[in-house]
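None of the figures in this text is laboratory data; all of them are computed from the coordinates on show. The shown structure was predicted, so the numbers you read here are calculated from the model rather than taken from an experiment. In this analysis, Cβ positions are derived from the backbone assuming ideal geometry, glycine residues included, and neighbour counts consider all displayed protein chains.
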Amino acid sequence: MTTQVKHYIDGEFTTGNGQQVIEVTNPANNDVIAQINCATADEVAQAISSAKAAFTTWKEVPVSERARVMLRYQHLLKEHHDEIATILAKETGKTFEDAKGDVWRGIEVAEHACNVASLLMGETVENVARNIDTYSYTQPLGVCAGITPFNFPAMIPLWMFPLAIACGNTFILKPSEQDPMTPQRLVELFVEAGAPKGVLQLIHGDKTAVDTLLTDPAIKAISFVGSVNVGQYIYKTGTDNLKRVQAFAGAKNHCVIMPDANKQQVINNLVGASVGAAGQRCMAISVAVFVGKAKEWIPELKAALANVRPGLWDDKDAAYGPVISPAAKARVLSLIEQGIEEGADCLLNGSDFTVTGYESGNWVGPTMFANVTPEMSIYKEEIFGPVLCCMQADDLDEAIELVNNSPYGNGTSIFTASGGAARKYQHHIEVGQVGINVPIPVPLPFFSFTGWKGSFYGDQHAYGKQAVRFYTETKTITSRWFDDSVVSGPNMSINLK
Ligand code: NAD
């Protein structure tokens with residue numbers, strides 16, 4: 001029997017009444033593993049109204065009690081770590097090791113949310129004028145919503161709801177319809193951690209559900225992570241509807257390789273960062289820029305990539321799994337085809353790769369192009385598959401110019417033995433997250449996830465102090481307690497006296 005995916009609305013898990021059905025498939029063979037009855041407009045409205053009602057009481061719960069829910073939650077997530085990773089691996093096709101990483105990077109954010117009291121602290125200045133003190137508080141916004149992508153079904157929901165809720169908001173999560181069972185398990189554990197009814201709601205569906213969240217006046221803030229076109233749509237529609245929006249979008253991440261770098265480190269790091277997770281990471285390295293003589297390492301990189309073997313989630317020797325859907329695979333193959341037609345050198349082509357017994361799965365073998373130029377589709381488009389594009393630059397300045405001309409700015413890295421080159425790169429590069437001899441520089445949650453340019457629309461980023469600002473309002477209080485022995489006359493100016 002096919003598993004029915006559950007919504008969590010007004011404190012009840014329900015399979016819902018929606019007539020529109022989406023099938024969840026195993027990317028390794030496209031068998032149907034679950035079914036979603038998409039939330040109807042009424043069900044979304046019910047979730048919003050329940051979250052609105054819950055806000056009136058949740059915001060009054062002392063911050064230390066809210067933190068205790070997060071403490072129990074992060075503990076439960078750790079207890080169920082491997083179980084969540086198994087659900088995740090089965091519905092995404094990720095290898096078990098990689099699935100565990102997805103869960104763990106989310107747990108780190110839930111851990112950080114336990115520290116919410118310190119994160120919420122305002123500022124104080126005594127005696128801003130005679131007998132007058134000014135201090136600020138951070139207060140929650142109300143009902144917030146999160147719309148998340150398929151590629152990190154544990155980590156990205158956990159970027160959002162634990163911190164938003166710890167700040168005193170209530171939250172509606174609309175996860176990707178392609179892998180909804182991991183988020184469902186995250187929500188079940190949150191309920192087990194003692195979150196009161198209505199504080200967190202889970203609705204499944206597609207554009208219809210999202211559009212209701214974007215337009216309903218009760219929703220105060222929208223966090224989105226996904227592709228660039230949808231990100232722009234969410235940002236424009238959400239802000240047109242007077243909401244606070246943070247929209248994390250697509251990417252094209254470059255790794256610059258200087259000839260003084262350690263060759264073997266470069267090769268090993270590029271292999272993992274380019275085709276790991278089948279290239280379906282927003283921080284994957286999809287472009288390697290070889291500076292000067294470093295281009296001589298391209299044949300060895302090709303040999304290393306040729307040794308990478310995709311496989312099933314529970315195959316311990318598999319390096320990565322299938323891409324998420326037949327549509328995703330068709331898109332990747334079409335871009336590989338365009339790369340060849342447009343004149344790039346296809347050194348490795350994984351288009352025909354398959355796994356015996358799983359021939360109907362969405363497999364793409366490691367693929368590598370050399371002599372890629374900025375006009376080519378494989379450079380301009382986010383491929384989101386296990387495809388590495390290699391380019392060349394005469395010197396560091398040329399490499400920096402190339403990276404800065406990209407419309408995206410999520411992540412980048414430089415491999416070098418020179419502090420001077422690294423310092424120059426980190427200073428001049430117009431990208432929000434920079435790795436120095438670190439290929440995928442995703443910051444831990446005491447920092448924020450700070451994509452730039454076409455990879456992010458908004459102001460305050462995910463997790464860390466910026467997310468606390470995103471999910472709260474600042475209230476500034478100017479207070480005077482009269483010293484009754486001194487009575488001053490009327491003050492006719494705006495100056496504080
Ligand atoms: P997607 O944009 O297709 O879907 C993301 C979410 O938006 C899903 O919940 C989906 O149901 C919803 N959605 C899809 N189309 C919609 C529409 N027309 N209107 C309203 N809602 C819609 O993205 P995806 O394929 O699930 O995820 C992969 C993308 O996410 C890649 O582009 C990747 O770079 C990006 N991503 C970015 C970051 C980042 O931090 N910048 C992190 C992870 C993933």
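Using every pair of separate Cα atoms, the Kirkwood estimate puts the hydrodynamic radius of the chain at 24.0 angstrom.
Between amide H atoms placed 1.01 Å from N, distances below 5 Å from Thr95 occur with Gly321, all of them 5 or more places distant or on a separate chain. Placing pseudo-labels 7 Å out from each Cα toward the beta carbon at Asn127 and Glu188 gives an inter-label distance of 6.0 nm.
In the range 117-276, Rg over Rh equals 1.11, where Rg is the alpha-carbon radius of gyration and Rh the Kirkwood radius from pairwise Cα distances. Taking every alpha-carbon pair under 8 Å whose residues sit at least 6 apart, the range 1-128 reaches a relative contact order of 21 percent. Neighbour counting of Cβ atoms within 10 Å sorts the residues Ile436, Ile324, fewest neighbours leading, into Ile436, Ile324. Only helices enter the 222 nm calculation for the chain: every DSSP H run of n ≥ 4 contributes -39,500 (n - 2.57), and dividing by all residues gives -11500 deg cm²/dmol, rounded to 500.
Neighbour counts of C-beta atoms inside 10 Å place Phe369, Phe161, Phe482 in the sequence Phe482, Phe369, Phe161, starting with the fewest.
Legend: Rg and Dmax of the range 445-497, from Cα coordinates, 20.9, 61 Å. Within the range 49-156, the trypsin sites (Lys or Arg not before Pro) that combine a DSSP coil assignment with at most 14 other C-beta atoms in a 10 angstrom radius are Arg130. When GluC sites (Glu not before Pro) are flagged only if DSSP places them in a loop and at most 12 other Cβ atoms lie within 10 Å, the longest unflagged stretch of the chain comes out as 124-358. Under a 5 Å amide H cut-off, with hydrogens placed 1.01 Å from N, Ile33 pairs with Val24, Thr25, Asn26 among residues at least 5 apart or on other chains. Can you classify the range 284-358 as rounded, prolate or oblate using the Cα gyration tensor, where a ≥ b ≥ c are the square roots of its eigenvalues, rounded means a/c under 1.5, and otherwise it's prolate if a/b beats b/c and oblate if not? Since a/c reaches 1.5 but b/c is at least a/b, the shape of the range 284-358 is classed as oblate. Across all directions, the average flat footprint of the convex hull enclosing the Cα atoms of the range 98-209 is 8.9 nm².
Fewest to most neighbouring Cβ within 10 Å: what's the order for Asp260, Asp317?
Least crowded to most crowded, the residues run Asp317, Asp260.
For Gln392, the residues 5 or more places off, or on other chains, whose built amide H falls under 5 Å of its own are Phe290.
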